[in-house]
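The values are calculated or read from the model by the stated rules, or taken from the named source; none is laboratory data. Just so it is clear, the structure is predicted and the values come from calculations on it, not from any experiment. Neighbour counts run over all protein chains shown; Cβ positions are idealised from the backbone, glycine included.
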Amino acid sequence: MPNFSKRCYDIELLDEAIIPAQDLYLNLRELNTINTYLGGHAVTLNGMASFGLLTHQTYTLLDIGCGGGDNLKSIAEWGRKNKLNLQLVGVDLKADCIEFAQKHCANYPEISFVCMDYKMYLQNHTQYDITITALFCHHFKEKALQELFGYMQQKSKIGFLINDLHRHPLAYYSIKWLTQIFSSSYLVKNDACLSVRRGFSLAELQQLLPHNTFKDIKIHWKWAFRWLIVFKHA
């Protein structure tokens, strides 16, 4: 039985340098299905709603590690429904992810994508109103995460939000069972439950987040074993 008392650092197949494009695309499609039906996108939208955005202003948003763009697509649809003016940018290191995302979001002119390491991108760009990341943090070790959270704090005018996994046995065995039965992707079958093992406890998140944000940060537990972290600048 896996040890859930501490994070696992086994490498996910999705983090390999070379993945056949069609295998990656199938993985991205299935991840979108999982996030849609198990509430992953809803967690992000819940965090977006907490910022209290106004209809008469235009807001810029950066999604770090945007993958196939499904997260930004859900935000764009939410923005349209709520009559919000959003300019959305996704940045990802994998060229195949960006190519998929551009096709996936072709009918959303408010979304654009950049293929680049997020650190290099942020070093050369000004602030965004909001920075977000979803199912990205668990891919990294602690030092890299502290660096990421620092960037998100520095580069957001209004605040940032993080949507990631709660490491828990029920989450692990549930997603393992679901993907073994319903998934056609070897990437999803391998990485879904491994991602849970790479997820976080509440105490770990509290240690990783910038200490000077504690009074302005909220950490919520959400259905489907997700952590929603929302930081708002005072």
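In this structure, Gly52 does not satisfy being surrounded by 14 or more Cβ atoms within 10 Å (Cβ to Cβ) and either touching a Gly at 6+ places or on another chain (Cβ under 6 Å) or closer than 29 Å to Lys218 by Cβ (or both).
Residues that are in a helix (DSSP H, G or I) and farther than 17 Å from Tyr25 by Cα within the stretch 78-124 comprise Trp78, Gly79, Arg80, Lys81, Tyr118, Lys119, Met120, Tyr121, Leu122, Gln123, listed in sequence order.
No other residue among Tyr25, Tyr59 is at pLDDT 95 or above and in a helix (DSSP H, G or I) apart from Tyr25. Name every residue in the stretch 122-143 that is within 20 Å of Asp10 (Cα to Cα), out of contact with any Cys (no Cβ under 9 Å at 6 or more places or on another chain) and hydrophobic (A, V, I, L, M, F, W, C), in order of residue number. Residues satisfying the conditions are Leu135, Cys137, Phe140. Evaluating Asn163 against the criteria (1) over 24 Å from Cys8 (Cα atoms); (2) buried (at least 21 other Cβ atoms within 10 Å of the Cβ); (3) not aliphatic (A, V, I, L, M) leaves one unmet condition, (1). Contact map, the stretch 155-176: first residue farther than 27 Å from Val91 by Cβ, second residue in a helix (DSSP H, G or I) and of a type in the set (Lys, Arg), Cβ cut-off under 7 Å, separation 6 or more or different chains; pairs are Tyr172/Arg197. Of all the listed residues (Asn46, Asn35), the sole one being in contact with a helix residue (DSSP H, G or I) (Cβ under 6 Å, 6 or more places away or on another chain), in a helix (DSSP H, G or I) and modelled with pLDDT of 95 or more is Asn35. The set of residues in the stretch 48-60 that are at negative phi and either out of contact with any Phe, Trp or Tyr (no Cβ under 9 Å at 6 or more places or on another chain) or free of Cβ contacts under 8 Å to residues at least 40 places away in the same chain (or both) comprises Ala49, Ser50, Leu53, Leu54, Thr55, His56, Gln57, Thr58.
One residue alone among Asn35, Asn46 is within 24 Å of Leu228 (Cβ to Cβ), crowded, with 20+ Cβ neighbours inside 10 Å and under 15 Å from the mean Cα position of the chain (by Cα), and that residue is Asn35.
Considering (1) closer than 24 Å to Ile19 by Cα; (2) in contact with a helix residue (DSSP H, G or I) (Cβ under 9 Å, 6 or more places away or on another chain); (3) basic (Lys, Arg), the lone condition that Lys141 does not fulfil carries the number (2).
For the stretch 210-221: of the residues being modelled with pLDDT under 95 and farther than 10 Å from Phe231 by Cα, which is surrounded by the fewest Cβ atoms within 10 Å (Cβ to Cβ)? By that ranking, first place goes to His211.
Taking the criterion of being surrounded by 15 or more Cβ atoms within 10 Å (Cβ to Cβ) and farther than 21 Å from Asn32 by Cβ, would at least one residue in the stretch 177-199 satisfy it?
yes
For residues in the stretch 61-98 being touching a residue at least 12 places away in the same chain (Cβ under 8 Å) and farther than 22 Å from Ile162 by Cβ, which is surrounded by the fewest Cβ atoms within 10 Å (Cβ to Cβ)? Top of the filtered list is Lys83.
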